[in-house]
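Notes to accompany the following structure.
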Amino acid sequence: MSCNTCNCNKSSNLNELGIDTSLLNPCFEKYANIEGSLISVLQTAQDLYGYLPMSLLEYIAERMKIKASKVVGVATFYSQFRTQPVGKFLILICQGTACHVNGSKRIEEAISNHLGIAEGEISEDGLFSYNNVACLGCCSLAPAIMIGERVYGNLDKSAAVKILDETRRGEA
């Protein structure tokens, strides 16, 4: 908990997490006094640090002179934001109707078993995490996953595992 008169403990917590808040200064300058810029600031912060820990959300609230509850509310409402660390490669597994009907649960099972993790966890090598999402918007490719900006579709268990292995080797 930080004191009311300074950010000493909060800054210490951010430093312990390896977060250099000075990297956000250009973003704060760019969006200073611009109504509705919170999402842009959160996107920039997540791009810089990989996720948005609570202490960073509090810091952003202070810098933007917004209530912390509003910043936390936005960060937890939108699925694009992560409040927990993830692996280098975040796998999004579509669980929409078309993907579900075509076996997305089997794809999730194959990914989970191959990586030895459950949803939201990080693989032992730090490379992979996965999350289920409501829809990737590529129903014609069902079942589908997304890793980074790349979508992989028409998957079965062995194809999903092959993609993971290729990604691990840097081939995908």
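Read-outs: derived from the displayed coordinates by stated rules, not from any lab. Here the structure is a predicted model, which means the values were calculated and not measured. Heads up, the Cβs are rebuilt from the backbone with ideal geometry, glycines too, and the neighbour counts pull from every protein chain shown.
To the nearest 10 degrees, how steep is helix 104-115 against the longest Cα principal axis of the chain, on a 0 to 90 scale?
70 degrees
Along its three principal axes, how long is the range 89-169 when you only count alpha carbons? Whole Å, largest extent first please.
In descending order, the Cα extents are 32, 21, 21 Å.
On average, how much area does the Cα convex hull of the range 8-77 cover when viewed from any direction, in nm²? Provide the component values of the computation, followed by the final result.
Numbers: hull surface 17.3 nm².
Projected over every direction and averaged, the Cα hull of the range 8-77 covers 4.3 nm².
Please determine, in degrees from 0 to 90 and to the nearest 10, the orientation of helix 38-49 with respect to the longest principal axis defined by the Cα atoms of the chain, where the helix direction is its Cα long axis.
Between the helix axis and the principal axis of the chain, the angle is about 70 degrees.
Report the calculated FRET efficiency for Ile39 and Lys105 (r = Cβ-Cβ distance, R0 = 35 Å), to the nearest 0.05.
Here the calculated transfer efficiency is 0.65.
Pull out the extension gain between Thr76 and Cys138, defined as 0.36 nm times the separation in residues minus the alpha carbon to alpha carbon distance; nm, one decimal. Spell out each step's value before the answer.
Details: separation 62, 0.36 × 62 = 22.32 nm, distance 2.46 nm.
The span from Thr76 to Cys138 would gain 19.9 nm if fully extended.
With angles folded into 0 to 90 degrees, how steeply does helix 54-64 sit against the dominant principal axis of the chain? Use alpha carbons for both and round to 10.
Once rounded, the angle reads 50 degrees.
Give me Rg over Rh for the range 1-135, both radii from the alpha carbons and Rh done the Kirkwood way, two decimal places.
Radius of gyration relative to Kirkwood radius: 1.05.
Which value in nm describes the separation of the simple spin-label points at Ser69 and Asp125, placed 7 Å from the Cα toward the beta carbon?
4.5 nm
Please report, in debye to the nearest 20, how large the charge dipole of the chain is about its Cα centre when each Lys and Arg carries +1 at its beta carbon and each Asp and Glu carries -1 there.
That gives a dipole near 340 debye.
Roughly speaking, what is the centre-to-centre gap between the range 120-171 and the range 80-96 when only Cα atoms are used, to the nearest Å?
Comparing the Cα centres of the range 120-171 and the range 80-96, I get a distance of 10 Å.
Hey, in the GNM for the chain with a 10 angstrom Cα cutoff, which one of Leu23, Leu52, Leu92 fluctuates hardest?
Taking springs between Cα atoms under 10 Å, the residue moving most is Leu23.
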